[in-house]
Structure formats: C-alpha cells, structure tokens
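Only the coordinates and a few stated rules stand behind these numbers; no lab work does. Since the model is a prediction, treat every value here as computed from it, not as a measurement. When we count neighbours, we look across all protein chains shown, and the Cβ atoms used for this are built from the backbone with ideal geometry, even at glycine.
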Amino acid sequence: MTDTLTQAIKDFIMEEFLPGEDPDELTTTTPLISGGILDSIATLKLVMFMEEKYSVNFEPHEVDKEHLDNLESIVKLVLSKNPTGA
Amino acid sequence: MSTAAYLHERFIASARQSAQAVAVVEPGKGSITYGELDSLSDRLRDRLTLLGVCRGDRVGIFLRKSVDAVAALLGTLKAGAAYVPVDPGAPAARGAYILHNCAVKVVIVEAALADKLGAELAGLGAMPAMIVVAEERAGGSGLRTALDAADEQAMAPTTLSIHNQPQDLAYILYTSGSTGQPKGVMLSHENAVTFVDWCSETFAPTAADRFSSHAPFHFDLSILDIHVCLKHGATLVLVGEEIGKDAPRLAQLIADERISIWYSAPSILALLAQFGNLARHDYSALRQVLFAGEVFPVKHLRALCELLPKPRYCNLYGPTETNVCTWYEVPLPIPAERSTPYPIGKVCSHLRACVLNEEGATVARGSEGELAISGPGVMQGYWALPEQTARGFFNADDGTAWYRTGDIVSEAEDACYTYLGRRDRMVKRRGYRVELGEIEAGLYRHAKIKEAAVLAFADEQAGVSITAFLSSHEEKRPSLIEIKRFCAENLPLYMIPDRFVWFDSLPKTSTDKIDYQRLKETC
C-alpha cells in the first residue's frame, strides 16, 4: 500500500518537477521544499494532485515544509487522511 | 496625523494620540498597542545608545517578521540610526555580507540564527554587538526579555534627544547586484516621508484601517505597509513568511483579520485568485488592493477582480531607488477581450518623470526610452559604491539629478507610462528584483560547474521563468536534485532557476564570449 502510494507520488514529482532526473536520486528522505525542488506553486500543484487522486483534503496549515518536505512525510499525511491510500 | 520630518516621530505622534489602540497584530499569537510599542522601542533606543549607536550609524535587523522586528526598526530610528533589514530566510553568508558591507554597529538577531550569523561575520572579520532575541515569543516579548536581561547586566540610561536631519539615512535595502553581490540602496527620512505623504494623499487611510504586512521587511513594499499604517494610527497585521505564499491560509487570514488595505506582489494575488478558494470567505472589509513589483498578467487580475469586485485596484510601480514613482488605478470591470497588461500609470505627485534616449535627451511623447525620475523620493545612492551611484544618475543642464530606472517605457497622450522591458539583465520575479548575473555568480560557486549562463523567459503562470545553462568540469554532472539543493543553500528562493540545461560546453560568440542569443534560441 505504502509502496504503491509512494511510487505514484514520486512519479508525479519526477514528471512535473524533475524531468530527466535519474529516479534513483529521489529517495523518500530527499528534502523537497528545503532542497529547492518544490517552490510555492509546485507545492500547491502537488497538493491539488493528491487531493484529486486520493480524495483527501489538506488543511491550510498542512501545506508547508513541516508536513511536505519529503516523500516519507507526504505519504504519512495522505495515509492519515485516507488509510487505504487508493 | 503627524507631518513630522522623520518616520519615527510620526509613529510617536500616533502613539501619543492613541496609546491604547492596537498597533501591530501577529495573527494567532499576539499584538501590541501603540503605547506599548512606543515604550519598547524607547528601551531599544536606550540600549542601542549605550552600545555606542549614534546618529548616522547602521543597525542590522536579522529577525523574522514579528512585533519584535517592528520595535527593532523603530528603536533604531529613534536612536538616530538607519535600519538594515536582512532576509532571515536567505543563506547566512549573504546576510553576513550585507551587514559587514554597511558596517552595522549592532545586529538584532533571532536566537536560532545567531550562532550561524556570528560565525559568518567572524569569518569576514566583523564583530558588531548583538542583541539576541528569543524566537517564538509574541507581542514583543522576545525583545523585551532580551532588553530585561541586558538591563540586569548594565542599566541603559534614557537617551537624550537626538537631532537628525531630513537627509539622514532611515534605512538601507539591499537588492540583487549584477556583480554577484547585493548592493545597498540608501533612503533618507526625507525620501521616505515624501513617499508616505503621497500614500496618505492617494489612498486616504484612517485609524480604522487594517493594513496587511505581506512583504518581508527587506523588501521595499514594506515601507508603505509599516510607515503609512503607523503614521495614521491604523493596525498593521503581520503575515508570517510561513503562510505568505500559502494561498488557502492567506485567503482565510485576509478575511479573518478583516484586512482593509492589502499590498503585495501580483504573483501572490494571482495565487490567491487561483488557489485561495476566495468564494468561501467574507472580504467586506477589503477596500483597496495595491500591487507592485512586477507585471500582473491580465488573465489573473481579471479573475481576482471578478471574485472580489468591491475594492479599488491600483498598480504601483517603482524601483527600490525611488519607491513608488508611478501609479494606475485599474478601471473595473476588466473587459473580457483585454489581454495586454495595464500601464504603470502617471507619475506620483511628489516626483517628476521623463523618458530619455541613449544619449540622455528627452524623447517625444509616444517614443520608447528609459524612464528617469527626480524629486525628493529618490535615493541618496548605493552604499559604498560611488561609481555605480554616479552611473545611476543623469544630471540635467539645470542641475537636476535624474535617477535612471533602467526600465524602457513609452508615455501615452494621457500621461500614463507603459512598461516595455529592461535595458539590462535585471528581471522581476515574485516582486523581487533579480540580476541574472547574481544567479550566475552563485552557480559558479559550485565546484563542478565550469560555465553558467542564466536567461529569463516570459511565463504565463509565474510571470517570469528562469533557465540556467550549465557545463561541468567533470564527466559526471551534478544531479538535478543536487544542483537544486545547492541553489537552495546559496541563493534566496526567488533566485533559484526553474530549469537547468546542460551542455558539454556553452556556445560562444566569435570573441569567445558566451553566446546568449544562441542559448535563447535553444529554448
């Protein structure tokens, strides 16, 4: 479950924000916001993607570095809202 | 409403008139009244004086946006000095460079940032005194606690009156510099108060207004937020950096805090229109929406005006060197067929404008040329850069000094100016001035980068997108993730390129310089 979810979100980030990058470079702990990969608009795009795909709603205070700075924390947050991750 | 010649005296007049009124709000955290802010900034003035700060000195402010930071800049002005606000989110090395460059006597710094900044300053051989403020304290208690602790060591006596002159510097704002290092724009009290008075005349604020403070304090938009608000005894609502670009939270905050005068870069307003869910909230208090710093794509402006049709919308234009120098009120509704951006408008009443050709002669109305500005709002120059200062001005035969903005404009029959582009390599991104050369200089610091060239392109979503063209010394190039992280650690966020394109070697002109034209054609 977690692996499928992680892969789907990773695929979205790779395609949208890291085109051409070797997928192995993006790990579950790679810093996304503090590492300059997601800026404010990119973060909102990622949130919109996840809200639509997993039928979840992010609270305004969750759209920040604390909650979305790496794949691990993103997946954890999505699963807390939609335990099936589907 | 005070017409005093100094920014801080205007605040003091408001404090005397309405000591109990709320001066500054930190949403969800705390607030401070005019009387309390006056007392707190008096205490800081006394401490700064004890530390040797005199009229004409500089004091660095390395704090996140907070009541503490507002008190810090007021206390600095009361001590007769100029404040130098530094982006606490930017790499500490950049902050240290700025503070060392203008030789601040004291730095007021947040505890979490103090060690790193201190180490960077020490590396430059600079040892200013530091007032360390504990973070996560609201309503000015961080600064108050720091002053209490300092008073226990040595009580600061009340400072005797300080006699400024209108030409004394009030603040220095550092902007992107083409040589790879930021440069300090020096603004005097006279520069600032003439701008503030123009705002009073144009936007007619009252003590009942609630101003947004969205721009960081190192950004020139903050001058309107802070000093116009405090002059009129109104309330300043601080929008923290953590939610500054978070459209849903920002939308909620504007409604909940009943902001009546909003001022930000257009990119933030475009985000609000697209992602803010504005229909969910009540914006009945909002009466003026001001924007500046970059071109507002009409598509997004129209969307915003349709969602929020009640306020007055004004496009303010001006470089840090003059603050706002032209303005334009957008006529509503915006026709569906309009796609070209609105003009930057007419020159503000406290300034004069003209359009010059390359030889410095005035061009005929309707012709393209460089916008030049003169008057009491124009800066004193760049800190410690006499040659750049001299190059920035054109001296007319009658002795008038005209600041050359570098912006290419044309003037229409109705005396409104239309922005057409730049004459150099400076672009505006998210409201910030970005010298592409500074990004290149930053990229060259990466050990594996052999060549770096940076170009800006128009972008419908972001206004401007930035592409870096790179070549490497090594066969194995840095990964995209590595290079983005390097940028995040070495450049302010708004300078990080959107795209990185690698070459074995960048194309060259016949004189062996990087061929920017050919690079442009590759995109």
Under the rule rounded for a/c under 1.5, else prolate if a/b exceeds b/c, else oblate, using alpha carbon gyration tensor axes a ≥ b ≥ c, region B:384-462 is classed as oblate
1/(1 + (r/R0)^6) with r = Cβ-Cβ of A:Ser80 and B:Asp397, R0 = 60 Å, i.e. FRET efficiency to nearest 0.05, evaluates to 0.25
Per DSSP, the loop-located trypsin sites (Lys or Arg not before Pro) within region B:310-403 having at most 14 other beta carbons within 10 Å are B:Arg338, B:Arg365
Yeah, chain B with a ≥ b ≥ c from its alpha-carbon gyration tensor (a/c under 1.5 is rounded, else prolate when a/b outruns b/c, oblate otherwise) is rounded
To the nearest 0.05, the calculated FRET efficiency linking B:Ala447 and B:Asp504 through their beta-carbon distance, R0 being 22 Å, is 0.75
The simple spin-label model distance between B:Glu337 and B:Ala207, using points 7 Å out along Cα→Cβ, in nm, is 5.0 nm
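Return the equivalent ellipsoid semi-axes of region A:2-81 as a descending list in whole Å, where each equals the square root of 5 times an eigenvalue of the C-alpha gyration tensor.
Details: eigenvalues 64, 39, 28 Å².
In descending order, the three semi-axes are 18, 14, 12 Å.
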For B:Glu135 and B:Glu475, extending 7 Å from Cα along the Cα-Cβ vector and measuring point to point gives, in nm, a value of 4.4 nm
Everything considered on the Cα gyration tensor (a ≥ b ≥ c; rounded for a/c under 1.5, else prolate if a/b is larger than b/c, else oblate), the protein assembly as shown must be described as rounded
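Going through the cross-link list A:Lys45/B:Lys428; A:Lys45/A:Lys81; A:Lys76/B:Lys428; A:Lys65/B:Lys29, which pairs have a Cα-Cα distance over 26 Å in this structure?
From A:Lys45/B:Lys428; A:Lys45/A:Lys81; A:Lys76/B:Lys428; A:Lys65/B:Lys29, over 26 Å: A:Lys76/B:Lys428.
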Cross-link reach from B:Lys183 to aspartates and glutamates, straight Cα distance under 12 Å and at least 8 residues apart if same chain, gives B:Glu321, B:Glu435, B:Glu438
With region B:427-521 reduced to its Cα atoms and the Debye formula applied, log10 I(q)/I(0) at q = 0.10, 0.24 1/Å amounts to -0.25, -1.35
Checking region B:287-342 for GluC sites (Glu not before Pro) in a loop per DSSP with at most 14 other beta-carbon atoms within 10 Å yields B:Glu337
Simple spin-label estimate for A:Lys53/B:Glu152, 7 Å along Cα→Cβ, in nm, reads 5.4 nm
quick shape note, region B:7-242: Cα extents on principal axes in Å, largest first -> 48, 46, 38
Computed over region A:47-86, the convex hull of the Cα set has an average projected area, in nm², of 2.5 nm²
